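The structure under discussion appears below in the form of structure tokens.
The values are calculated or read from the model by the stated rules, or taken from the named source; none is laboratory data. Predicted model, so just to flag it, every value in this text is computed and none were measured. Reconstructed Cβ throughout: ideal geometry from the backbone, glycine too, with neighbour counts over all protein chains shown.
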Amino acid sequence: MSELLVLSGPNLDQLGIRSPEIYGTQTLGQHIERASHVAAEFGLTIRHLQSNDESVLIEALHKARGSAAGIIFNAGALTHTSWALSDALAIFDGPSVEVHLSNPAAREPYRHVSTLASVVSGSIAGFGGLSYELAVRAVAALLA
């Protein structure tokens, strides 16, 4: 398998217009395009899914088992609240990286909790769009 599943949670489809002072002006599509170029350097492809619906993200995690080599997941605000996403991600047996454009630890206290942290290989946060590129490189290294 040479495909990475990149999942994007609620409101990430609004990147570029939503709080640009926090998340920057690039769109989600631009972030995914840059990540795809990095993935290609490692012989990997990216399949991307964005959903504002938690159940769609859970189903995608279930289907990733056996079809994706690794997962990169920006769950957005669901990072801080969804134990169901954590349980679904825990079933995946490949490398997984949690991604955030901003640094949740430097923001509001409720953002300091990650329900995904205990089930991912690692977390990358606070580097803007570079976070996605770093996540691809991390997953590729873990796959090597």
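Structural remarks
For every residue, the table says whether it meets (1) among the hydrophobic types (A, V, I, L, M, F, W, C); (2) more than 14 Å from the chain's Cα centre (by Cα); (3) within 23 Å of S2 (Cβ to Cβ).
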{"position": "L28", "(1), (2), (3)": "yes, no, yes"}
{"position": "L44", "(1), (2), (3)": "yes, yes, yes"}
{"position": "Q50", "(1), (2), (3)": "no, no, yes"}
{"position": "S55", "(1), (2), (3)": "no, yes, no"}
{"position": "H62", "(1), (2), (3)": "no, yes, yes"}
{"position": "S67", "(1), (2), (3)": "no, yes, yes"}
{"position": "G70", "(1), (2), (3)": "no, no, yes"}
{"position": "T79", "(1), (2), (3)": "no, no, no"}
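- Exclusive hit being touching a Leu at 6+ places or on another chain (Cβ under 9 Å) and on the phi < 0 side of the Ramachandran plot, set V99, V113: V99
- Among (1) among the β-branched types (V, I, T); (2) farther than 21 Å from G122 by Cα; (3) at pLDDT below 95, the one test that T79 misses: (2)
- The set of residues in the stretch 54-77 that are under 13 Å from A88 (Cβ atoms) and of a type in the set (S, T, N, Q) contains only S55.
- Of everything in the stretch 41-58 that is touching a strand residue (DSSP E or B) at 6+ places or on another chain (Cβ under 9 Å) and aliphatic (A, V, I, L, M), the residue that is surrounded by the most Cβ atoms within 10 Å (Cβ to Cβ) is L57.
- The stretch 59-86 residues that are farther than 21 Å from G128 by Cβ and touching a residue at least 12 places away in the same chain (Cβ under 8 Å), paired with ones that are of a type in the set (S, T, Y) and surrounded by fewer than 15 Cβ atoms within 10 Å (Cβ to Cβ) (beta carbon under 7 Å, 6 or more apart): A69/S2
- S86 among the hydroxyl-bearing types (S, T, Y) and part of a helix (DSSP H, G or I): yes
- Any chance T27 is in contact with a helix residue (DSSP H, G or I) (Cβ under 7 Å, 6 or more places away or on another chain), farther than 18 Å from L134 by Cβ and either of a type outside the set (S, T, N, Q) or crowded, with 16+ Cβ neighbours inside 10 Å (or both): no
- For the stretch 88-144, filtered to residues that are modelled with pLDDT under 90 and charged (D, E, K, R), the residue that is surrounded by the most Cβ atoms within 10 Å (Cβ to Cβ) is R111.
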